[in-house]
Amino acid sequence: MNLVAPDSMSDPLVGSAARLAVAEPIVEILSAEKVFANGFRGLAPIDLAVGRGEFVSLIGPSGCGKSTLLKLIANLIEPSDGKILWWRGAFDDVGKDGRQLAFVFQEPTLMPWARVARNVRLPLDFLRVPRAEAEQRVQTALAQVDLLPAARSYPRQLSGGMKMRVSIARAMVTEPDLLLMDEPFGALDEFTRNRLDEDLVRLSWERQLTTVFVTHSIYEAVFLSSRIVVMAANPGRVFTEFTVDEPFPRDENFRDSERFASLCRDLSSVLTEASFASRKVSA
């Protein structure tokens, strides 16, 4: 484990420019902060970069701003100060070839009246992709998540895990280069969650996706990530981060290994420190 020291103990809100030292950054967060209209300071200034092909997980105590940071990266909300770059430029160029972004929310948000294939095709319809090409891409995306047999099913006929796989297929059908996921498996049972984690780590590896993933699960973060960013609250900020220097793709052998258990213990200790720092600043 390559542990990066927490922010300055004298000022826990200070960012670290060292976090920007990644090869070929896809996203660069440059002293970005968020203060909401009611005056609540959701995020202190954050400096963070995500490099091409990285799988970065955001984890931390409730209220630390994980989802807020992800929405800033998705350009769903704007920073109050600082800026964010995508592929070293403004968001205007996102959506062009090689700069596709997709977002998977906590809930599948499927259209209940539409069959699975139609739900997956939705973003391609918005993009006015020709029907023949769209249908082929839908078939490919469904195959990637092992859902081809369910293409003509309705959401009400699917389990929770299958619905989430439909949501992932809907993101993958756009052939994204940057995939953002906001705790998509949090409501699922452990067995289903583990299987979807394995599917996701395989897809990310095969497509060489750049992924930013929000989770509350220590085990999920360690299994999926090449780097874990631990956040603290009051206000939300980066507390520390470390790399999970294990090869991809990963499977049950990694999950059952002593190395995995050791990394989970290390992350648990860091999260305890982050939670204590959150209470200390709040007090």
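The values are calculated or read from the model by the stated rules, or taken from the named source; none is laboratory data. These numbers were taken from a predicted model, which means no experiment stands behind them. Glycine gets a Cβ as well: all are built from the backbone with ideal geometry, and neighbour counts include every protein chain shown.
Per-residue answers, yes or no, for (1) surrounded by 15 or more Cβ atoms within 10 Å (Cβ to Cβ); (2) over 16 Å from Leu179 (Cα atoms):
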site	(1), (2)
Phe91	yes, no
Gly98	no, no
Phe103	yes, no
Thr109	no, yes
For region 233-247, which residues satisfy the criterion of being closer than 15 Å to Ser67 by Cβ and in contact with a helix residue (DSSP H, G or I) (Cβ under 6 Å, 6 or more places away or on another chain)?
-> Ala233
Which listed residue is in a strand (DSSP E or B) and surrounded by fewer than 20 Cβ atoms within 10 Å (Cβ to Cβ), from Leu85, Leu58 | Leu85
Complete set of residues in region 176-205 that are within 24 Å of Gly98 (Cβ to Cβ) and without any contact (Cβ under 8 Å) to a residue 40 or more places away in the chain = Leu200
Select from region 241-269 the residues that are crowded, with 20+ Cβ neighbours inside 10 Å and in contact with an Asp or Glu (Cβ under 9 Å, 6 or more places away or on another chain) and write down the one among them that is farthest from Arg52 (Cα to Cα).
-> Leu263
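Scan region 211-261 for residues that are in contact (Cβ under 8 Å) with a residue 24 or more places away in the chain, assigned to a helix (DSSP H, G or I) and either over 17 Å from the mean Cα position of the chain (by Cα) or on the phi > 0 side of the Ramachandran plot (or both) and jot them down.
To start, the set of residues in region 211-261 that are in contact (Cβ under 8 Å) with a residue 24 or more places away in the chain comprises 211-245, 248-252, 254-255, 260.
Right, trim to assigned to a helix (DSSP H, G or I) and you get 218-224, 252, 254-255, 260.
Glu252, Phe254, Arg255, Phe260 - these are the residues of region 211-261 that are in contact (Cβ under 8 Å) with a residue 24 or more places away in the chain, assigned to a helix (DSSP H, G or I) and either over 17 Å from the mean Cα position of the chain (by Cα) or on the phi > 0 side of the Ramachandran plot (or both).
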Report yes if Val129 is buried (at least 16 other Cβ atoms within 10 Å of the Cβ), part of a helix (DSSP H, G or I) and β-branched (Val, Ile, Thr), otherwise no.
-> no
Do we find a residue being buried (at least 19 other Cβ atoms within 10 Å of the Cβ) and farther than 22 Å from Glu107 by Cβ anywhere in region 162-184?
-> yes
Which one of the conditions (1) assigned to a helix (DSSP H, G or I); (2) assigned by TED's automatic domain parsing to the domain that holds Arg118 does Arg152 fail to meet, given that it meets all the rest?
-> (1)
Give region 256-283 a look and list any residue that's modelled with pLDDT of 95 or more and either touching a helix residue (DSSP H, G or I) at 6+ places or on another chain (Cβ under 6 Å) or among the aromatic types (Phe, Trp, Tyr) (or both), or say none.
-> Phe260, Leu263, Cys264, Leu267, Ser268
Expected single match for of a type in the set (Lys, Arg) and more than 18 Å from the chain's Cα centre (by Cα) among Arg156, Arg99, Arg165 is Arg156
Scan (1) more than 24 Å from Val214 (Cα to Cα); (2) touching a Leu at 6+ places or on another chain (Cβ under 6 Å) for the single condition Ala143 breaks and write down its number.
-> (2)
